Amino acid sequence: MLRYYHDAGKVLYFNEKELEQHIVIDVQWFIDAFKHIITDKLHYKGLPVASEDWEEFYRTRNLEDHLLTEIWRNDDNLLSEKLPTGEKRILLKTRDSDPRYLLYHKNQLLVFMQRLGLMAIGNKSHYVPCMNRKEIENAIPDLIQRATSKTSVLIYRFSFLPFFLFFRLVVSCMQLKDWKVLITDGTSCLYRNAALFSVKKYNIVLSVTEPQYSYKYFTLFQDAL
């Protein structure tokens, strides 16, 4: 029954480890929780976080965990303001144990978001791929430019491919054992349209582009190690 309602878009449910004991019965609530993450910092003036944390998020799309916490804490405060005064005082004292608050569900929300490919969970920060606007052709990693050996290039061509499927693929690869995001010039090789990984002794490039640019990307990546 739960899988049926999940397929119908009524709930979120996955019969998998870490998620099988949890169900999101209000999908819009879940969407709003993620929407608050990808909003502009101007909507969250006054948060007790350093401006460098916002800049790091905009530059690398890595969201510091404490910044995420403060964003959701702000939303919880707004919820409290809408409640009657007496109930508001009670809720403020029981925030960590009241299921009406986002922070109460923080760990479960993050796992659901990772399962859906919305973000990759880290220890201190989380990568949000849909926020990445950096194009790889404007910043070709040094490892590609320095490469001397050849490799195979596999191209799949689709008449239509939603970008979120590429984001989900990147997030899934970031969870694989032995897969590490490549670093060049101190910056992760993660882009709006490409992601570079190292797997044991190999470097792997995942990229998506318009069909008319496929040959350009083929010549770009054929020298990658």
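Between the beta carbons of ASP178 and ASN15, assuming R0 = 25 Å, the FRET efficiency works out to 0.40 to the nearest 0.05.
For region 9-67, a Kirkwood radius taken over Cα pairs fed into Stokes-Einstein (10 °C, viscosity 1.306 mPa s) yields D = 115 µm²/s. Our estimate of slack between TYR4 and LEU116, defined as 0.36 nm per intervening residue step minus the Cα-Cα distance, is 38.6 nm. Under a 5 Å amide H cut-off, with hydrogens placed 1.01 Å from N, THR184 pairs with CYS189 among residues at least 5 apart or on other chains.
For region 2-129, the equivalent ellipsoid built from the Cα gyration tensor has semi-axes of 24, 22, 12 Å, listed from largest to smallest. Exceeding 32 Å between C-alpha atoms, which entries from my cross-link table qualify? They are LYS17/LYS124; LYS45/LYS180; LYS41/LYS180; LYS35/LYS177; LYS106/LYS201. Flagged as over cut-off: LYS45/LYS180; LYS106/LYS201. Label-point separation (nm) for ASN77 and LYS134, each offset 7 Å from Cα along Cα-to-Cβ? Placing both labels 7 Å beyond Cα along the Cβ direction yields 3.1 nm.
Every number in this text was worked out from the coordinates using simple rules, so none of it is lab data. Note that the structure is a prediction, hence the values are computed from the model and not measured. Reconstructed Cβ throughout: ideal geometry from the backbone, glycine too, with neighbour counts over all protein chains shown.
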